[in-house]
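Notes follow once the structure below has been shown.
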Amino acid sequence: MAKRIVVDPVTRIEGHLRVEAMLDDNNKIHDAMSSGTMWRGIEVILQGRDPRDAWAFCERICGVCTTVHALASVRCVENSLGIQVPPNADIIRNIMFLTQMVQDHVIHFYHLHALDWVDVVSALKADPAATAALAQKVAPKWALATPGYFSDTASTLKKFVESGQLGIFQNAYWGHPAYKLPPEANLMAVAHYLEALKWQKEVIKIHTIFGGKNPHPNYIVGGMAAPIAMQGDNVINMERLNMVRDLIQGAIHIVEDLYLPDLLAIASFYPEWTQIGGGLGNYMAYGDVPQAGIGDPSKFRFPRGVILNKKLDQVLPVDFADQSQIQEEIAHSWYTYPNGKTSLHPWEGVTEPKYTGPKPPYKELDENQAYSWLKAPRWKGNAMEVGPLSRMLVGFASGRSDFKEVVMDALGRLKVGPEALFSTLGRTAARGLESRLAVHWLLDEYNHLIDNLKNGDSTTADTRNWDPSTWKPESKGFGFTEAPRGALCHWIQIKDQKIANYQIVVPSTWNASPKDGKGQHGAYEAALIGTPMADPKRPVEILRTIHSFDPCLACASHVIGPDGETLAEIVVR
């Protein structure tokens, strides 16, 4: 009889995710289920509201994704109303977007995913002098690499362990045989974990300068609510812009001189993971960081396209307005559609819950029935993976020299071929390589903004179509972006100046989706199949692959009561 592993909740993610994996007699996963365990209702909350306010609601879907939902939402409304934003607004949005991406990727690597590869308790066995020598070799441009520095880090860690309360390092499988790093590498990684934790709160000051605060910086339909005057006192001035420049340079330092060296060093100990976790082999990117307005995808820094069956010689087009391309299915989801339909384009989408699962608490779900609060998005009927790996592969397959350069450099250092990208480790590496591109683009966007300001253009918004009296009686639109976790799009229908329908398909809906009506697995499920387990009672291998996607189930599913009360409390022991 097949063994079933249940991981619920999956920790070190945003939101509530349950994974069930079925093992064969050799302790290899032969089938898997991904279940979002909370209901998503933001679309219902938005109905009947002013479309100009939608971004403020959408942005609060998640405290991690933060700015990207606002970006997709204002673009969605602008597309519906025929609004074009001024160039400076696009540039500032690009700066906000790239800042979020770099910060999120660094946080993900050190604070959410690295602990799947780094044995924190093993670090106590490390020799601080040997650790310093290793750090100087791995990251020679990072100044904090002395025996005393690592001795202090070990002392701090020892206090955690001896207290019996591991705090931020709680709930992990320390001592698991799948951990391969020597103690010195583990101690180095723990020290850099703490350095990244201090840095990440600094870089988001870019959001507070252009958006007023973080999380949830301010946007506006028609541009950005960010008045600029180089010599002004109560607006964004040269002093604040210089601060942005310094923060970007600090981000380049941490990506180039800490994150990437650590990533490649840790990856070198796990070559077998270039053969595990590949999954679907289908990749999609919507593209972003426009250079000539959002309407010209050919000028995006992140190109748009689809790759099917790992065929890097062909990039297929994505069309948001073609209702035959993107559909959301509910064959294995706890929703109901009208007239017995099981698949709808988001413009026609319905968010009506219909729970048919077992009464909680339950031991296991039935993979032959509905088992998730996530719908199953499909592109032309195909299950797709989205995220950093998809973006890097689409850029690589599109012939972009900047993508090819960073990919081939990393593959050369790891001494593997391009096929290694189709894996759990490839997914993790792609996030770091993308950060290398994004952090330098961030400086380019800043310089572009400064050039425009020097040339006398300080306009950041166009509100000519702000008044609803200028709108058509009915309109519809879409707004896309590339969230750190992948392709994100909002669809809207406006009628009589109010939101008639609003649907959101987020990256983790694509990746964490259940099976569809044809039995096609979502990306998480497909990536787990074939994974060997060293110790089924401590399923660190499941966490490695699931965390490689950086799940955000808060975006994919969420719920509040009618009066805002807490409906459930989950305690992780």
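Coordinate-derived values only; no laboratory data. Given the structure is predicted, the values throughout are model-derived calculations rather than measurements. Virtual Cβ from ideal backbone geometry, glycine too; neighbours counted across all protein chains shown.
Could you give the spread of the C-alpha atoms of the range 1-90 along their three principal axes, from largest to smallest, in whole angstroms?
The Cα atoms of the range 1-90 stretch 61, 30, 22 Å along the principal axes, largest first.
Which percent, to the nearest 5, of DSSP beta bridges fully inside the range 228-351 are antiparallel?
90
In bins 10 Å wide, starting from 0, what share of all Cα pairs of the range 384-527 does each bin hold, as a percent?
9, 25, 26, 24, 12, 3, 0
Tally Lys/Arg at +1 and Asp/Glu at -1 over every other residue whose Cβ is under 10 Å from the Cβ of Gly279; what's the total?
Every neighbour counted, the sum reads -1.
Taking +1 at the Cβ of each Lys and Arg and -1 at the Cβ of each Asp and Glu, which of Met533, Gly486, Ala145 sits farthest along the dipole of the chain towards its positive end, judged by Cα position relative to the Cα centre?
Checked the options; the winner is Met533.
Of all DSSP beta bridges located in the chain, what percent are antiparallel, nearest 5?
Antiparallel bridges: around 90 percent, rounded to the nearest 5.
Apply the Karplus curve 6.51 cos²θ - 1.76 cosθ + 1.60, θ = phi - 60°, to the phi angles in the range 199-210 and return the couplings in whole Hz, x for Gly and Pro.
5, 4, 6, 7, 5, 6, 4, 4, 5, 5, 6, 8
In square nanometres, what is one fourth of the surface area of the convex hull spanned by the alpha carbons of the range 92-141?
That works out to 4.9 nm².
Return the subset of Lys137/Lys205; Lys341/Lys518; Lys141/Lys415; Lys180/Lys537; Lys375/Lys537 for which the Cα-Cα distance in this structure is over 21 Å, preserving the input order.
The pairs that break the limit, which is 21 Å between Cα atoms, are Lys137/Lys205; Lys141/Lys415; Lys375/Lys537.
Quick check on the range 30-144: take the gyration tensor over C-alpha atoms, sort the square-rooted eigenvalues as a ≥ b ≥ c, and tell me if it's rounded (a/c under 1.5), prolate or oblate.
oblate
Tell me the net charge near Tyr335. Cut-off is 14 Å between Cβ atoms, Tyr335 excluded, with +1 for each Lys or Arg and -1 for each Asp or Glu.
That works out to -2.
Fewest Cβ neighbours within 10 Å first, please rank Trp510, Trp347 accordingly.
Neighbour counts put them in this order, fewest first: Trp347, Trp510.
Using the Kirkwood radius over C-alpha pairs as Rh, can you work out the diffusion coefficient of the range 360-447 via Stokes-Einstein at 37 °C, viscosity 0.692 mPa s, in µm² per second?
It comes out at roughly 209 µm²/s.
Can you list, bin by bin at 10 Å, the percent of alpha carbon pairs in the range 225-322, starting at 0?
Spelled out per bin, shortest first, that is 12, 19, 29, 25, 12, 3.
If neighbour count is taken as other Cβ atoms inside 10 Å, put Glu272, Glu482 in order from fewest to most.
Glu272, Glu482
Over the range 37-179, what is the relative contact order in percent, taking alpha-carbon pairs closer than 8 angstrom and at least six residues apart?
About 17 percent, as a whole number.
Would you compute the Debye intensity of the chain from its alpha-carbon atoms alone, equal scatterers and no solvent, and pass along log10 I(q)/I(0) at q = 0.06, 0.10, 0.11, 0.12 Å⁻¹ to two decimals?
Debye curve over Cα of the chain, log10 I(q)/I(0) at q = 0.06, 0.10, 0.11, 0.12 Å⁻¹: -0.29, -0.84, -1.03, -1.23.
Would you give the gap between the C-alpha center of the range 465-508 and the C-alpha center of the range 70-120, rounded to a whole Å?
18
What is the fewest-to-most order of Ser298, Ser458, Ser80 by other Cβ atoms lying within 10 Å of their Cβ?
Ser298, Ser458, Ser80
Hey, how many Å between the Cα centroid of the range 358-408 and the Cα centroid of the range 274-289?
Between the Cα centres of the range 358-408 and the range 274-289 lies a distance of 7 Å.
Within the set of other residues whose C-beta is less than 11 Å from the C-beta of Met392, count the net charge using Lys and Arg as +1 and Asp and Glu as -1.
Around Met392, the charge tally is +4.
Please work out the Kirkwood hydrodynamic radius for the range 455-525, using every pair of different C-alpha atoms, and report it in angstroms with one decimal place.
15.4
Please state the shape class of the range 428-476: rounded when a/c is under 1.5, otherwise prolate if a/b exceeds b/c and oblate if not, all from the C-alpha gyration tensor.
oblate
Which value results for Rg/Rh of the range 149-195 when Rg is the Cα radius of gyration and Rh the Kirkwood radius based on the inverse mean 1/r?
Computed over Cα atoms, the ratio is 0.95.
Find the Rg to Rh ratio for the range 313-355, where Rh is the Kirkwood radius over alpha-carbon pairs and Rg uses the same atoms.
1.10
How high is the relative contact order of the chain, in percent, counting Cα pairs under 8 Å that sit 6 or more residues apart?
26
Out of the trypsin sites (Lys or Arg not before Pro) in the range 15-68, which ones are loop residues according to DSSP with at most 15 other C-beta atoms within 10 Å?
Answer in residue order: Arg49.
To one decimal place, what Kirkwood hydrodynamic radius in Å is obtained for the range 89-222 from all pairs of distinct Cα atoms?
16.6
Over the range 1-57, what is the mean sequence separation of C-alpha contacts under 8 Å (at least six apart), divided by residue count, expressed as relative contact order in percent?
24
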